[in-house]
Each structure stands twice: as structure tokens, then as C-alpha cells.
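What follows is one structure encoded as C-alpha cells, with my remarks underneath.
Read-outs: derived from the displayed coordinates by stated rules, not from any lab. In this text, all values refer to a predicted model and were calculated from it rather than measured experimentally. A quick note on method: Cβ atoms are made from the backbone with ideal geometry, for glycine too, and the neighbour counts reach across all protein chains shown.
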Ligand code: C2O
Ligand code: CU
Ligand code: CU
């Protein structure tokens, strides 16, 4: 147990009235030692071309001393394997649903047609299997797959239905990139979770969670809370996925060492770019290179999540201030690294990784505007709200909550459009299925911030963002693509729309 965080937890508990998450943290964390970082097995499809996933119920112990939690996973009790396919491959996938409820499984970041995209229209009934054929026709990237069953995405993903999907071209050695899975190439699924006094996973939505999205007070990496790992004394690659429901990470190392960002959602950057802090919203992926050759121990942590809205939102949430303090104001430890005596394969930061990015497009077939609306039908505390399950606020896009039977937009295949997204009250990570895009403008008002360089499929909208989207994949009206807020409680509450491409 890291003493610093323990003290912080107890202090918060002593000074905060009412039920506070800090109390929970102290009670359970007191007895827990830092577990070893689990590394999901690599399911390499590059030879077989076959992907078999079974969504199943299971039990998972998050900490060494915790009681088992009932969870969901793909081929395992919590989360899924790390899948790797090659660019140019055709993958015969099979997803069997052994859960007691319907499940749609979406390939987030794969450029595949709507009919195999795994959106809410492609839900699999219990006991059934779905067999999409996926043609992998895109550059190397760290994508992922996760539950997308409307309106149960948040709970299903929280229970463990998510996995990483690596797209490779077999050239990482030539690029001078670390690529030994689990050794100097670590895949890290970051999620925040809440636990009860016995260390069991808990997901109970209060009004605050419904409004702001669910945030936990423990960061779990690949299913282990606040773990430790050893790594070679060299350059190590971290493939980071923010698989949280709502938390925005502000990643940094406790000794201030830089992360060299080398890839975003949809592919490599031309060269690694150093930064001391990396912001990461739900659904986003980054790959970073970190130099551990000095041999010192170092911890990755995340700063306060400031996504709590302006004065209006705070006023409304006023009686929950103590709760917010325990949940989002603190630094939280993520993962500690212990370099071993041994040297790794890569001891030089590569200078060049990929070709330069294309020029930003300036000609658009169309411009569309989207406003992300948090409060359709009045105040969330009022009665008669149109929430997805009747218990929360109704959210929507352009004044309209998600409706499976309504296609919101129709786009022409092969065109590039300018999409302008505006956020209401909070920052919202906006994701578009079946495409990759470039960020033209974000909250900085000038050149987009570091995180928004490169190809992406999810952008955090802080007020306003403009993206250039190229539509290369078709989607029929029966299986349209989605665009939505990737705060999963917002998505389930209706902050989602759908579009056809033909
Ligand atoms: Cu990662 Cu539509 O989702
Ligand atoms: Cu997606
Ligand atoms: Cu949102």
C-alpha cells in the first residue's frame, strides 16, 4: 500500500461528513498490497484468421484480499484477450453470447461496414452467436472492442466487457519500436472502479453519476487495482486505452519524466512527441514511449478529473460537494514501474516512425453541426423526465434523444465532411463509428492541442470542436453507424445518433 495515498484517504474520511468514497477506499485499501500487473494473453490472429470470442459471466478478485465480484468478460472472467490482426487480413469472427442478457459487441476503431460494426442493431440474444467477417484495411493502430447494447452499455462495459484489438503490419522492428508483448510492449486498459468494504465491484448510480457519468476512486489496470510491474531498463511502449465509463485522465509520472506520444486512436504519428502530461478521455487510445534506462522506480498517476461543469452545474450538484471531493479532486495512483537489471531490446528513442500526416482537408462536401444536450425535458431533479430507464435525465443530440428507429443523418460514401460539435455543461468525448477523422479546431482556438494531432475516432469536446471526417465505409439503414458521447451513462441516456452511408 502506498502510504501517501492511504494517508490522504484517511484524512479525507476524517474531514468529510456523510458517506464518502474515501471511507471505502481506506477500509478496503488498508489490507491490500499492490498486486502484480496482469497482462491479458495475446490472441494472435495473424496466422489463423479466426477470432472466437465468448461473452461469459464469471467471478473476479480485484485485489489479493478482496472477495470475488461477479463480472462479465470475453473468454475470461473480466475484460478480454488482446487480439492482434494484420493489415490486409480477413478475419472470420464469431462472438457467442453466453450471458443471460442480449449483447452487442462493437469494434471501436475498426474501419469496417455498418453490417459488421457491432452497433446496437446487432445485439446477440443469449445462447446465440454472431459471425461477422472483418476485412482489416487500415494502418497499424490500437483499437478495441466492447459491449454496445442500448441502453445497457455502461453497466456491461463496467462489468468487464471490453478488450483491445491491435492492428499490426509486422514492421515495428524496422521502425525501431518496442514490440515484445508483455515485456517492452505493454497494453494497459485503464478503468476507474468503486468497491464495497469487501473489495467487491459496485455500480450503483446516484443522480450525480447519471449526470456526470460514473467515476470510481480506484484505478484498475487490466483488472488489477493500482498494480506494480517490472520492466527492462530501456525504452518501453505503453498502449493506453481509456476504458473507463466517464473519467478523464491527466496522466503523468511522479518524477516528471516525459511520455513520448507516438500514436493516437487511429494510427502512428510521424515522430514521437514528448509531453509531461497527457489528457485522455473515455474511448481514446494513445501509445507512448517511456525511457526507463535510468533504472529508477517510478509511478504513473492521474491528476484530478475536472469535468464537473461550470457554476450552474455546481449549484445544482451543491449538496454533493463532499462526494465530488472524494471522487474527482485527488491524484490517484495508476501503476508503478520497477526497472530490472536486464536491458531491453530498444535503448534509443526512434526519431521517425511513420510518414508525415496528410495536409488537413479544406474542401468539404457538407458541414453538419451537433450540439450535445444534457437536459432535454427540464431539470434532472424534476419529475416526468424522459430518461432511458425513467430514473435519470434524458440526454440527446440536437435536442433529440437516441431512437433506434430514427436515422438522424445520411452521408455520401467517399466524401469528406466538416462536423462541428458543441458541448453543453460538461466536456463530452465524441466518437464516430466507421471512420477516422482529423481535428481541425478544439478549445484552444488555435492549432489543436497535442492530444488532438493525428488520426482519431474520438475527440473530447470542451465547448466546441471541429473535425474533418472521411466516409469510406458503407452503412445501410438497418445497420447504421453511431455517433455519440463516450461517457457511457450519457450514451445510455440518449446522447447518441445514427447515420447511414451510401
Ligand atoms: Cu466505443 Cu460506439 O463506441
Ligand atoms: Cu466505435
Ligand atoms: Cu457526455
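Tabulated results
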| read-out | value |
| --- | --- |
| DSSP bridge orientation in the chain - percent antiparallel, rounded to nearest 5 | 70 |
| Amide N of the stretch 228-265 lying under 12 Å from the label point, which is placed 7 angstrom from the Cα of residue 338 along Cα→Cβ | 228-231 |
| Relative contact order (%) - criterion: Cα under 8 Å, at least six apart; region: the stretch 88-140 | 54 |
| Burial ranking of peptide ranges 339-352, 419-432, 105-118 (average Cβ count within 10 Å, highest at the top) | 105-118, 419-432, 339-352 |
| Mean Cα-pair separation over length for the chain, i.e. relative contact order, pairs under 8 Å, 6 or more apart, % | 15 |
| Hull shadow area, averaged, the stretch 125-271 [alpha-carbon convex hull, nm²] | 12.2 |
| Cα-projected label distance for residue 365 with residue 329, points at 7 Å along beta-carbon direction, nm | 5.0 |
| Protection proxy ranking, peptides 65-72, 433-440, average beta carbon neighbours within 10 Å, highest first | 433-440, 65-72 |
| Gain in span if fully extended, residue 57 to residue 349, counting 0.36 nm per residue against the direct Cα distance | 100.9 nm |
| Segments 46-58, 480-492 sorted - mean Cβ within 10 Å per residue, highest first | 480-492, 46-58 |
| Mean Cα-pair separation over length for the stretch 52-189, i.e. relative contact order, pairs under 8 Å, 6 or more apart, % | 27 |
| Residue order, fewest to most surrounding Cβ atoms within 10 angstrom, among 37, 372 | 37, 372 |
| Ratio Rg/Rh [Cα only; Rh per Kirkwood] for the stretch 185-289 | 1.01 |
| FRET efficiency, residue 50 to residue 87 (Cβ-Cβ, R0 22 Å, nearest 0.05) | 0.80 |
| Dimensions in Å of the chain - Rg and Dmax from alpha carbons | 21.5, 63 |
